Amino acid sequence: MPQTRILTLVGSLRAASINRQLAEAAAQTAPDGVDITIYEGLADIPFYNEDLDVPGAVPAAAQALRDAIAASDGLLLVTPEYNGTLSAVLKNAIDWASRPYGVGALKDRSVAVVSGSMSPNAGQWAHGDAVKALGVAGAKVVESAHLHFGGFGQRFGEAHPREDAEALTQLAATVRELVLSARGELVSA
């Protein structure tokens, strides 16, 4: 079986963000035959603008995102919760990847969403908004792969999530469900 490629988009641009650390820990759980890559170019993508989204004018950073998603077998989104919703950088990525509408890079792509925040709500509002935007964009949202982490300060304040056995187990289960969906092996996605 060929390598399964999972691309990870992290909605926090802060280098030491716990959401980024969760993405790193998820990559660590990748089973044999699965490559998980964290996308590094989200900060370079301009806000979506239909005037720029025409042949010959699409910004290189936006096209690079579209190409990276199109080259992947599945997508893992790790979203913080900012003011009760997903971050602008992640919403912008979804907007660019959803175009052209109906045939964008997200169309029929298996996607899992991991959310987290300092609050006990665990980023569930951001998660819900991400799922809605992905669904409208035509992605195949893998409900069984969803994961929420709350209380970041207490849980991950002193240690990287890769040092939390329970978090690794949960992330591995999310990755497994996403990979099964991406390979067309998940019975109920």
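The values are calculated or read from the model by the stated rules, or taken from the named source; none is laboratory data. Model, not experiment: these values are computed from the prediction. Note: ideal-geometry Cβ built from the backbone for every residue, glycine included; neighbour counts use all protein chains shown.
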Exercise. Of all residues in the stretch 46-82, how many are of a type outside the set (Gly, Ala, Ser), outside any helix (DSSP H, G or I) and surrounded by fewer than 20 Cβ atoms within 10 Å (Cβ to Cβ)?
Worked result: 13
Problem set entry | Enumeration of residues in the stretch 10-45 that are in a loop (DSSP other than H, G, I, E, B) and in contact (Cβ under 8 Å) with a residue 12 or more places away in the chain | Gly11, Ser12, Leu13, Ser17, Thr29, Ala30, Pro31, Gly33, Tyr39, Gly41, Ile45
Problem set entry | Conditions (1) among the aliphatic types (A, V, I, L, M); (2) outside any helix (DSSP H, G or I); (3) buried (at least 23 other Cβ atoms within 10 Å of the Cβ): number failed by Ala122 | (3)
Exercise. If you go through the stretch 149-169 one residue at a time, do you hit one that is in contact (Cβ under 8 Å) with a residue 12 or more places away in the chain and on the phi > 0 side of the Ramachandran plot?
Worked result: yes
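Yes/no matrix, rows are residues, columns are (1) of a type in the set (Val, Ile, Thr); (2) modelled with pLDDT under 95:
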{"position": "Leu13", "(1), (2)": "no, no"}
{"position": "Ile36", "(1), (2)": "yes, no"}
{"position": "Gly41", "(1), (2)": "no, no"}
{"position": "Tyr48", "(1), (2)": "no, no"}
{"position": "Asp53", "(1), (2)": "no, no"}
{"position": "Ile69", "(1), (2)": "yes, no"}
{"position": "Glu81", "(1), (2)": "no, yes"}
{"position": "Asn92", "(1), (2)": "no, no"}
{"position": "Tyr101", "(1), (2)": "no, yes"}
Exercise. Filter the stretch 8-17 for residues that are aliphatic (A, V, I, L, M) and crowded, with 23+ Cβ neighbours inside 10 Å; which is farthest from Asp67 (Cα to Cα)?
Worked result: Val10
Exercise. Mind checking whether some residue in the stretch 139-161 is part of a strand (DSSP E or B) and at pLDDT 95 or above?
Worked result: yes
For this session: Please find, within the stretch 93-119, the residue that is surrounded by the most Cβ atoms within 10 Å (Cβ to Cβ) out of those that are farther than 21 Å from Ile6 by Cα and hydroxyl-bearing (Ser, Thr, Tyr).
Result: Ser117
Exercise. Of everything in the stretch 107-127 that's modelled with pLDDT of 95 or more and small (Gly, Ala, Ser), which residue is farthest from Thr29 (Cα to Cα)?
Worked result: Ser110
